[in-house]
Amino acid sequence: MIERYTRPELGGLWTDQARMEAWRRVEVAAAEELPLLLGPSRGPSPDELESVRAATFTVEAVDEREKEIDHDVAAFVDVLAASAGSAGRWIHFGLTSSDVLDTALALQLKAAGEIIVPAARAYVQALVVRAREYRDTLCVGRTHGVHAEPTTFGIKLAGLAMEADRNARRLAEAFEQVSVGALSGAVGTYSATDPAFEARVLARLGLRPEPVSTQVVPRDRHAELLQAIALAGAGLERFATEIRHLQRTEVLEASEPFRAGHQKGSSSMPHKRNPIVSERISGLARVLRGNAQAAVENVALWHERDISHSGAERVILPDSTILIHYMLGLATRVASGMTVNTERMAANLELTHGALFSQRVLQALVASGLERDEAYRIVQETAQRAWAEAIPLRALLGGDERTEGLDLDAIFDYAHFTKHAAEIVGRLDEIS
């Protein structure tokens, strides 16, 4: 991922140095279990194990060796073994490349999850705080982009918080299920080791064994992770899209935080305050969905193993984990710092001149004895006239003999739309 969208704590997990360090950890853990696998008299001695633990590499040395032999893991093993002296013969004993690659990848993904999942929960909490703050703040509810009925801004944010919580839990589960390793050998039969050896090595590394691994860990696990990441990204995009719409000049009910006096919204128009962070989230969410598609394509490998998944994974796994972490940080910043214009929300409620109360009027007419279709026609006619002619719907109804006897004070009471807000927003107590 380009530096612009990379935060150091995630980017640091995917450097060449970090990747090879994960390989080294797998190689050392495997060597440490060889005495029990082979027997004390045949396996590495304590002194040899100390030499293996002390073995070092440099990325530059591995790269140079790879230019000669055209195999990255073999190049790494050669460099690491050479630094261990005669004890280097025990490095990679009984292993195949995928044993190292897939197990080390699990270590990297587990470490990524330990950063990403807390970031996802921080985003949830940011939404929860603002939802409670604006629990009773009336605003227009929109369907198809058109004014529908009033809601509250707190209810709007509560729905986003609940979705964010589901995504945080999906991410946690996805990182957990992908935290598995495999040291089952050439085609997954343990012909050079045994299952107990694999279990002991993985226990040292804090991983679980893949039950049946052919030569690789099945890629449905990685696909599940990237699906969860893409879905979390879609949730962030839903929030970002809401902010983008609400920040439009004609609406202006909520806006991204803006550092007045420092931030510039446009290179040519000084008045501009654009929702650039939300737009960035929307754009990057598309990348996550594309990467998730590639991960699904990686599931079907030939027989016990091929490497058609490898090149794609070197791009999509670092990029997706780096991006979702970056996007979560952006969304948390917007949720925590957004400006909420309650006066504009109140003003926008009046744009249709009371037409928002049409369902209330319809129900009152039906309850008074009218057939539903007849009542619907009356309300549709008067509500659309109110909107089109800028005449308050209440005034039109007050002068219409067809609606005599209606309690207009009760019908045109905004409290009707907020009476359950406390209960709805209160459900956030289940997640925070």
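Give, as a single signed number, the net charge of other residues whose beta carbon lies under 14 Å from the beta carbon of Ala312, with Lys and Arg counted +1 and Asp and Glu -1.
Charge balance in the 14 Å sphere: -2.
Quick check for me: using +1 on Lys/Arg Cβ and -1 on Asp/Glu Cβ, what's the dipole size of the chain about its Cα centre, in debye to the nearest 20?
900 debye
Could you tell me what percent of the DSSP beta bridges with both partners in the chain are antiparallel, to the nearest 5?
Counting only bridges with both partners in the chain, antiparallel ones make up about 80 percent.
In degrees, nearest 10, range 0 to 90: what is the angle between the Cα axis of helix 372-389 and the longest Cα principal axis of the chain?
90 degrees
Based on the alpha carbon coordinates of region 1-93, what radius of gyration and maximum Cα-Cα distance (Dmax) apply, in Å?
15.4, 54
Between region 24-49 and region 277-338, what is the separation of their alpha carbon centroids in Å?
If you average the Cα positions of each part, the centres end up 38 Å apart.
Below 16 Å, Cα to Cα, which aspartates and glutamates can Lys110 reach? Residues fewer than 8 away in the same chain don't count.
Here the aspartates and glutamates satisfying the reach criterion relative to Lys110 are Glu9, Glu21, Asp102, Glu173, Glu176, Glu210, Glu224, Glu313, Asp319.
If Lys and Arg each add +1 and Asp and Glu each add -1, what is the summed charge of the other residues whose beta carbon sits under 15 Å from the beta carbon of Leu38?
-2
Distance between the C-alpha centers of region 341-412 and region 207-228? Whole Å please.
So the two Cα centres are separated by 58 Å.
Can you tell me the 0 to 90 degree angle between the C-alpha axis of helix 153-177 and the longest principal axis of the chain, rounded to 10?
Around 20 degrees separate the two axes.
Take every Cα pair under 8 Å in the chain that's 6+ residues apart, average their separations, divide by the length, and report that relative contact order as a whole percent.
Once normalised by length, the contact order is 18 percent.
What angle do you read, to the nearest 10 degrees and between 0 and 90, between the alpha-carbon axis of helix 97-133 and the longest principal axis of the chain?
It works out to around 20 degrees.
Put +1 on the Cβ of each Lys and Arg and -1 on the Cβ of each Asp and Glu in region 1-83; which of Leu36, Leu10, Ala22 then has its Cα farthest toward the positive end of the dipole?
Leu10
With Rg and the Kirkwood Rh both taken from Cα atoms, where does Rg over Rh land for the chain?
For the chain, the value is 1.17.
How charged is the neighbourhood of Ala234? Take every other residue with its Cβ under 12 Å from the Cβ of Ala234, and add Lys/Arg as +1 and Asp/Glu as -1. All intermediate terms of the calculation are to be shown ahead of the outcome.
Working: positive: Arg166, Arg170, Arg238, Arg286, Arg289; negative: Glu163, Glu237.
Once positives and negatives cancel, what remains is +3.
Which log10 I(q)/I(0) values does region 353-413 give at q = 0.15, 0.18, 0.21, 0.25 Å⁻¹ under the Debye formula, counting every alpha carbon as one identical point scatterer?
Values returned for q = 0.15, 0.18, 0.21, 0.25 Å⁻¹ are -0.35, -0.52, -0.72, -1.04.
Taking the Cα centre as origin and putting +1 on Lys and Arg beta-carbons and -1 on Asp and Glu beta-carbons, what dipole magnitude results for region 353-413, to the nearest 20 debye? Mind showing how you got there, number by number?
Details: 6 positive and 11 negative charges, 38 e Å.
Rounded to the nearest 20 debye, it is 180 debye.
Quick note: the coordinates plus some simple rules give every number you see, no bench work behind them. Predicted, not measured: the structure shown is a model, and the values here were computed from it. As a convention, Cβ positions derive from the backbone with ideal geometry for all residues, glycine included, and neighbour counts pool all protein chains shown.
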